[in-house]
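Contents: one structure, followed by commentary.
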């Protein structure tokens, strides 16, 4: 089923103060083109530098997630990114006239409301999901954080928080699919313990903190002079605290709102992976450092997997069998060099060829030491790529595919009788006027046999 990328139809702005800087800032969400991803732009700085929402750009997680790139920083990115990711938006530009995302009420609610007002629209390109196929574990012993990602056919999160607090207790939160984010997660506010406020204030943080943008939990009664000192540090009126509980007498949106907020933070931090995830992540005692460290681990796994050959399950029916391939390609024996197509999307194709000793070319290449000619491996990749471009027209049987250019070809391992070749072709740019520019890789087992860039054009002949 087609699942297209999304952006917003109209630009929309929200204004507020930064939680830690206390500075007023206006944030503007703007539409972005296909494959743009999430990017921040500091329009208050000279040159209006761009900061990619990429986990490799994380520079601080002391009380929020901070990104830095091109000499510019953006502070407290998690709530805005959670809103974007939670609404299934893939491409967006987030402009700021200051360095910190406004805290609003401490949740993603106001960002979600703004984005819904801006309306989401479907784009041309398919979503580029990362589909989890193997478990991935992470542990931070010092912070007591544990995370595990397992295969699942949609994005699912399970969170447990435990701060050894009688007031908070042990809490769990679940999001069974991303469609639950808006109603179940987005309005869950950030929280802090009263005993933490003094340390945060002395470190120059929470300058924009207010009882309206955080849940303050009292799990131990402090001396009145200590409470007065905290109020002075924060520049707030003095208060009297006589019992444990929620300081500001807020009505919690959910009994487990703190755990749900930790889940919200995870959504925002995992958005920094750069791709929507299909998998179930279970997290115990998560925090921004653990979230972003795990996001880096996921990104590393993705990078490693892109180097692996596509998975070939012989029990699954192919997308196109040999008879269907012959209806699209004009090639015939002995020059039809792809046996089946096992994956096909708008921007990639995967084909298979079984190499046998019966191939004609082995008679002379080489007697007693048969090796498949490299030029035929290139031709086989081109035929597989031809399926990709021919699939973009309604009558592929009326077209021929012609080579235009071959670049950066490398032959890394020889191909011999008995090998099964897996061809993976990916678009390097959109198909225009029948011209297709592709990156091609041929695998034998886990090894790369051949790789290169191919450019071809389809021409109507009937």
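Every residue, every condition in (1) touching a strand residue (DSSP E or B) at 6+ places or on another chain (Cβ under 9 Å); (2) outside any helix (DSSP H, G or I); (3) farther than 20 Å from residue 271 by Cβ, yes or no:
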{"site": "90", "(1), (2), (3)": "yes, yes, no"}
{"site": "110", "(1), (2), (3)": "yes, no, no"}
{"site": "122", "(1), (2), (3)": "yes, yes, no"}
{"site": "142", "(1), (2), (3)": "no, yes, yes"}
{"site": "164", "(1), (2), (3)": "no, yes, yes"}
{"site": "173", "(1), (2), (3)": "yes, yes, no"}
{"site": "181", "(1), (2), (3)": "yes, no, no"}
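A quick yes/no check of all residues on (1) buried (at least 16 other Cβ atoms within 10 Å of the Cβ); (2) under 30 Å from residue 141 (Cα atoms); (3) without any contact (Cβ under 8 Å) to a residue 40 or more places away in the chain:
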| position | (1), (2), (3) |
| --- | --- |
| 291 | yes, yes, no |
| 309 | yes, no, no |
| 318 | yes, no, yes |
| 326 | no, no, yes |
| 329 | yes, no, no |
| 352 | yes, no, no |
| 365 | no, no, yes |
| 379 | yes, no, no |
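When the residues of the range 397-430 are narrowed to those that are touching a strand residue (DSSP E or B) at 6+ places or on another chain (Cβ under 7 Å) and outside any strand (DSSP E or B), which ends up surrounded by the most Cβ atoms within 10 Å (Cβ to Cβ)?
Ranking the qualifying residues of the range 397-430, first place goes to 415.
Answer with yes or no whether residue 128 is over 22 Å from the mean Cα position of the chain (by Cα) and farther than 20 Å from residue 13 by Cβ. Spell out how you get there, then give the answer.
Values: over 22 Å from the mean Cα position of the chain (by Cα): no; farther than 20 Å from residue 13 by Cβ: yes.
For residue 128, the condition - over 22 Å from the mean Cα position of the chain (by Cα) and farther than 20 Å from residue 13 by Cβ - is not met.
From the residues in the range 7-29 that are buried (at least 18 other Cβ atoms within 10 Å of the Cβ) and closer than 15 Å to residue 88 by Cα, which one is nearest to the chain's Cα centre (by Cα)?
7
Which numbered condition in (1) closer than 27 Å to residue 189 by Cβ; (2) out of contact with any strand residue (DSSP E or B) (no Cβ under 9 Å at 6 or more places or on another chain) is the only one that residue 46 fails?
(1)
Within the range 28-73, work out how many residues are touching a residue at least 60 places away in the same chain (Cβ under 8 Å) and assigned to a loop (DSSP other than H, G, I, E, B).
12
Can you tell me which residue among 158, 145, 120 is modelled with pLDDT of 95 or more and within 24 Å of residue 51 (Cβ to Cβ)? If you could, list the steps in order and put the result at the bottom.
On the way: 158 fails: within 24 Å of residue 51 (Cβ to Cβ); 145 fails: within 24 Å of residue 51 (Cβ to Cβ).
Checking each option against the conditions leaves just 120.
Could we say that residue 341 is buried (at least 18 other Cβ atoms within 10 Å of the Cβ) and assigned by TED's automatic domain parsing to the domain that holds residue 376 here?
Taking the combined requirement at face value, the residue satisfies it.
Can we say residue 214 is at pLDDT below 95 and in contact with a strand residue (DSSP E or B) (Cβ under 6 Å, 6 or more places away or on another chain)? Give the derivation first.
Working: at pLDDT below 95: yes; in contact with a strand residue (DSSP E or B) (Cβ under 6 Å, 6 or more places away or on another chain): yes.
Spelling it out, residue 214 is indeed at pLDDT below 95 and in contact with a strand residue (DSSP E or B) (Cβ under 6 Å, 6 or more places away or on another chain).
Condition check: modelled with pLDDT under 95 and surrounded by fewer than 18 Cβ atoms within 10 Å (Cβ to Cβ). Does residue 304 satisfy that?
Taking the combined requirement at face value, the residue satisfies it.
The values are calculated or read from the model by the stated rules, or taken from the named source; none is laboratory data. Remember, it's a predicted structure, so these values are computed and weren't measured experimentally. For neighbour counting, all protein chains shown are included, and Cβ atoms are generated from backbone atoms with ideal geometry for every residue, glycine included.
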